[in-house]
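Peer 1: First the structure, which I've put down as structure tokens, then a few questions once you've had a look.
The values are calculated or read from the model by the stated rules, or taken from the named source; none is laboratory data. Because the structure is a prediction, the values reported are computed rather than measured. Reconstructed Cβ throughout: ideal geometry from the backbone, glycine too, with neighbour counts over all protein chains shown. Accessible surface is based on the protein model in full, side chains and every heavy atom, while ligands, DNA and RNA are left aside. Shrake-Rupley method; radii C 1.70, N 1.55, O 1.52, S 1.80 Å.
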Amino acid sequence: MEQISKRSSRVFQQLGPLLAFILLFIIVAILNPSFLAPLNILNLLRQVSINALIAFGMTFVILTGGIDLSVGSTLALSSALMAGMIVSGIDPIIAIVISALLGAVMGAVNGILITKGKVAPFIATLATMTIFRGLTLVYMNGNPITGLGDNYAFQLFGRGYFLGIPVPAITMIITFMILWFILHKTSFGRKTYAIGGNEKAAFVSGIKVDRVKWMIYSLAGMLAALAGAILTSRLNSAQPTAGTSYEMDAIAAVVLGGTSLSGGKGRIFGTLVGALIIGTLNNGLNLLGVSSFYQQVVKGIVILIAVLIDRKKS
């Protein structure tokens, strides 16, 4: 009987975020039927894709017991550099690839500070968040970069559709499937969980902890840059304030998805659901005409509830 109770509790923990999303979806649809309009649903998927991509990388980071506060600034700096390359005449697709690599380098800086410099993840990424944001403002001189041209592939990346589905949503789904496989079906994923569960035991068992962490922070940086490319394509400009507070939404999506802030427990599917919850909440509150000030309060309460649930599970 006790085993059945534990099993049912485990199943509920795994399905809890999904059930919460379905309930929220139904409530918003009842309060405002226009929420179910196909155009709004497609717009919701497009909006969710940016936060989801950042949150996927954040999932790996948090699973190791770390945190990355610099993803929003990484998004801004990589986007600014990408826009600069496009304006200077570089092919937009090549510029996107280079910006993703630059994002990985920025993430690697975090990894090196944490593993080699022995700086706590919170402090290291808080410092790089400020540095990257400052470099963005210096590079752009506080002004947006516009005139990115009319390259069809670039426009498609952030604003286009494929078979009626927004390309950013397709990018999100493909990225999710790749990362789900890496996290749950490869040795790298098992090492990620092992480090979060017990870092000392993982080191003793032969796992190269520093290398894994370095790779994970690089992945987080690359995904933030990819999200930045989508945002830049969508706006057809790079903004110096792009990505502000995006790290908070990403962390919220991860926590809402059931990943433990202490590391070692969580699933990337939960993060996808968490991003959908955040997106549905934002979209629904906008449709209901709720002030942006109150929206911040509601989001904060939702995050607080998720953290309290996480502590109770722990």
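Peer 1: What order do you get for 31-40, 204-213 when each peptide is scored by the mean count of other beta carbon atoms within 10 Å, highest first?
Peer 2: So the peptides 31-40, 204-213, ranked by packing, come out 204-213, 31-40.
Peer 1: Skip the ligands, DNA and RNA, and give the accessible area per residue of the stretch 186-314 with a 1.4 Å probe, whole Å². Write out the running numbers ahead of the final one.
Peer 2: Working: 5970 Å² over 129 residues.
Value for the stretch 186-314: 46 Å² per residue.
Peer 1: With helices defined as uninterrupted DSSP H runs, which ones in the chain have an alpha carbon span along their own long axis of at least 18 Å and mean Kyte-Doolittle hydropathy of at least -0.5?
Peer 2: Details: long enough: 2-31 (41 Å, 1.15); 38-63 (35 Å, 1.47); 71-87 (24 Å, 1.74); 92-115 (34 Å, 2.18); 121-140 (28 Å, 1.35); 167-185 (26 Å, 1.82); 209-235 (39 Å, 1.02); 268-287 (28 Å, 1.39); 292-313 (32 Å, 0.81).
TM-like helix candidates: 2-31, 38-63, 71-87, 92-115, 121-140, 167-185, 209-235, 268-287, 292-313.
Peer 1: Hey, another quick one. Per DSSP helix of 4 or more residues, -39500 (n - 2.57); summed, then divided by the residues of the chain. What does that give at 222 nm, rounded to the nearest 500?
Peer 2: -26000 deg cm²/dmol
Peer 1: Here's another thing I want to ask about it. Once amide H atoms are built 1.01 Å from N in the peptide plane, which residues 5 or more positions from G257, or in another chain, come under 5 Å H to H?
Peer 2: Long-range HN contacts for G257: G274.
Peer 1: In the chain, how many lysine pairs have Cα atoms under 18 Å apart, counting only pairs 8 or more places apart or on different chains?
Peer 2: Counting lysine pairs in the chain gives 20.
Peer 1: Which residues' amide hydrogens lie under 5 Å from the amide hydrogen of Y161, considering only partners 5 or more residues apart or on another chain, with H built in the peptide plane?
Peer 2: Hits under the 5 Å cutoff: V167.
Peer 1: Based on Cβ point charges of +1 for Lys and Arg and -1 for Asp and Glu, what charge dipole magnitude is obtained for the chain about its Cα centre, in debye rounded to the nearest 20?
Peer 2: Around 1020 debye, computed over the chain.
Peer 1: Ok, one more. Just order 223-235, 160-172 by mean Cβ neighbour count inside 10 Å, highest at the front, would you?
Peer 2: Working: 223-235: 27.7, 160-172: 17.0.
The peptides rank, most packed first, as 223-235, 160-172.
Peer 1: Roughly how compact is the stretch 178-229, stated as its Cα Rg over 2.2 N^0.38 Å to two decimals?
Peer 2: That ratio works out to 1.24.
Peer 1: Distance between the C-alpha centers of the stretch 231-286 and the stretch 159-177? Whole Å please.
Peer 2: Between the Cα centres of the stretch 231-286 and the stretch 159-177 lies a distance of 17 Å.
Peer 1: Another one. At a 1.4 Å probe, what is the % contribution of carbon and sulfur to the accessible area of the chain?
Peer 2: 70 percent
Peer 1: Applying a 10 Å radius around every beta-carbon, put 108-114, 140-146, 153-159, 286-292 in order of their mean neighbour count, most first.
Peer 2: On the way: 108-114: 22.6, 140-146: 13.9, 153-159: 17.9, 286-292: 11.4.
Answer by packing, highest mean first, reads 108-114, 153-159, 140-146, 286-292.
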